[in-house]
Amino acid sequence: MHAARSGQADCLAVLLVAGADKEAGDRFGNTALMLAARCGQSDSLGTLLAAGAEKETKNEHGYTAVMQAAGNGHEKCVKVLQDQGASKVAINRAGDAHVIQAAKDGNAEMLIDLLDSGANKVGKRSRKHEFA
């Protein structure tokens, strides 16, 4: 997971070929794909996706990789994940989707891109936020 989040895609590829578990998670349920997305490591994302990493796994809070990328302002990672078929309608345990994550980050350009790509515009009401 360290290779994924630190952007060492070549090392990650070697580890995957050697049998590393592409779905291994940390104590919070974050997979290598989620950590790469959260840290903005699009090359690591590509390596993991090429190895068949699951795009829709959720951590203990219900966040997917695309939600973590959106919430941390990593537009390229969001695009990589969506180009590979990541859900545009996933909702976390609080009722937020990646549109809300992008809005929380204050990234208007990403928010517009997400909405233009067909991301969820209607969702659950949560304790803190409501979809626009």
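Residue pairs whose Cβ atoms lie under 6 Å apart, separated by 6 or more positions or on different chains, with the first residue in region 18-31 and buried (at least 16 other Cβ atoms within 10 Å of the Cβ) and the second part of a loop (DSSP other than H, G, I, E, B), are Lys22/Ala51; Lys22/Ala53; Asn30/Asn59; Thr31/Glu23; Thr31/Thr57.
Of all residues in region 7-49, those satisfying the criterion of being assigned to a loop (DSSP other than H, G, I, E, B) and within 21 Å of Met67 (Cβ to Cβ) are Gly7, Lys22, Glu23, Ala24, Asp26, Arg27, Phe28, Gly29, Asn30, Cys39, Gly40, Gln41.
In region 40-58, is there at least one residue being within 22 Å of Asp116 (Cα to Cα), buried (at least 20 other Cβ atoms within 10 Å of the Cβ), touching a residue at least 40 places away in the same chain (Cβ under 8 Å) and not charged (D, E, K, R)? No, that holds for no residue. Can you name the residue in region 79-91 that is outside any loop (DSSP other than H, G, I, E, B) and touching a Lys or Arg at 6+ places or on another chain (Cβ under 8 Å) and, of all such residues, is surrounded by the fewest Cβ atoms within 10 Å (Cβ to Cβ)? The qualifying residue surrounded by the fewest Cβ atoms within 10 Å (Cβ to Cβ) is Gln82.
Listed by first and then second residue, the pairs linking a residue in region 92-119 that is over 15 Å from Lys79 (Cα atoms) and crowded, with 21+ Cβ neighbours inside 10 Å to a residue that is modelled with pLDDT under 80 and aliphatic (A, V, I, L, M), with Cβ atoms under 8 Å apart and 6 or more places separating them unless they lie on different chains, form an empty list.
Only one of Gln8, Gln68 is of a type in the set (S, T, N, Q) and under 25 Å from Asn120 (Cβ atoms); which?
Values: Gln8 fails: under 25 Å from Asn120 (Cβ atoms).
Unique residue meeting the criteria: Gln68.
Could you check, for region 60-75, whether at least one of its residues is farther than 20 Å from Ile112 by Cβ, in contact with a Leu (Cβ under 7 Å, 6 or more places away or on another chain) and buried (at least 21 other Cβ atoms within 10 Å of the Cβ)? Within region 60-75, one or more residues are farther than 20 Å from Ile112 by Cβ, in contact with a Leu (Cβ under 7 Å, 6 or more places away or on another chain) and buried (at least 21 other Cβ atoms within 10 Å of the Cβ).
The values are calculated or read from the model by the stated rules, or taken from the named source; none is laboratory data. Owing to the predicted nature of the structure, the values given are computational and were not obtained by experimental measurement. Positions of Cβ are backbone-derived with ideal geometry, glycine not excepted, and every protein chain shown enters the neighbour counts.
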